[in-house]
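Novice: Provided herewith is a single structure, encoded as structure tokens, for subsequent inquiry.
The values are calculated or read from the model by the stated rules, or taken from the named source; none is laboratory data. Keep in mind that what you see is a predicted model, and the values were worked out from it rather than measured. All Cβ positions, glycine included, derive from the backbone under ideal geometry; neighbour counts span all protein chains shown. With ligands, DNA and RNA removed, areas are computed over all heavy atoms of the protein, side chains included. Shrake-Rupley method; radii C 1.70, N 1.55, O 1.52, S 1.80 Å.
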Amino acid sequence: QVRLVESGGGLVEAGGSLRLSCAASGRIFRLNARGWYRQAPGKQRELVAVITSGDRTSYADSVKGRFTISGDNAKNTVYLQMNSLKPEDTAVYYCNFASSGWDYWGQGTQVTVSS
């Protein structure tokens, strides 16, 4: 059974940095991409960043230039380095591993940015 475990969330002042990690236990067949999503109170979940199996990356416009997604295939882990954080980045962040047959989700980690 596959399980995704996230870590690294917390409270930070505006302008600060955080690094999120998401490690998958269990084997995922035909992994296509790993990504980070977020959901703020009263809003829909949105894609923040994604990295494909070929290491191509894509970002939401709101985080371009500030966030960096990376993956460690040997550790089956995906990271999100978040710099220059803004109060509007406050949300629960979820990692996602997308395979050909299934989407796997982490439990979410809270990121709060104070002004």
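Novice: Projecting each Cα onto the charge dipole of the chain (Lys/Arg +1, Asp/Glu -1 at the beta carbon, about the Cα centre), which of Thr52, Gln107, Ile69 comes out farthest on the positive side?
Specialist: The one lying farthest along the dipole's positive direction is Thr52.
Novice: Just Ser25, Ser53, Ser100 to compare: in a GNM of the chain, with alpha carbon springs under 10 Å, which one fluctuates most?
Specialist: Ser100
Novice: Under the 0.36 nm per residue contour assumption, what length would be gained going from the current alpha-carbon distance of Ser25 and Ala40 to full extension?
Specialist: Taking 0.36 nm per residue and subtracting the Cα distance, the gain is 2.7 nm.
Novice: Continuing with the same structure: Counting only protein heavy atoms and using a 1.4 Å probe, what share of the accessible area of the chain belongs to carbon plus sulfur, as a whole percent?
Specialist: Heavy-atom surface of the chain belonging to carbon and sulfur, 1.4 Å probe: 46 percent.
Novice: Quick one: among Ser84, Ser21, Ser62, which has the greatest mean-square fluctuation in a GNM of the chain with alpha-carbon springs under 10 angstrom?
Specialist: Looking only at Ser84, Ser21, Ser62, the largest GNM fluctuation is found for Ser62.
Novice: At 1.4 Å probe size, with every protein chain present, just tell me what the per residue accessible area of the chain comes to in Å².
Specialist: 56
Novice: Output ³J(HN,Hα) for the range 60-72: one whole-Hz value per residue in order, computed from phi by the Karplus curve 6.51 cos²θ - 1.76 cosθ + 1.60 with θ = phi - 60°, and x for Gly and Pro.
Specialist: Those phi angles translate into 5, 4, 5, 10, 4, x, 10, 10, 9, 9, 8, x, 10 Hz.
Novice: To continue, here is another question. To the nearest 0.05, how large is the calculated FRET efficiency for Ser70 and Glu13 if R₀ is 30 Å and r is the Cβ-Cβ distance?
Specialist: 0.80
Novice: Dipole magnitude of the chain about its Cα centre, charges +1 at Lys/Arg Cβ and -1 at Asp/Glu Cβ only, in debye to the nearest 20?
Specialist: 260
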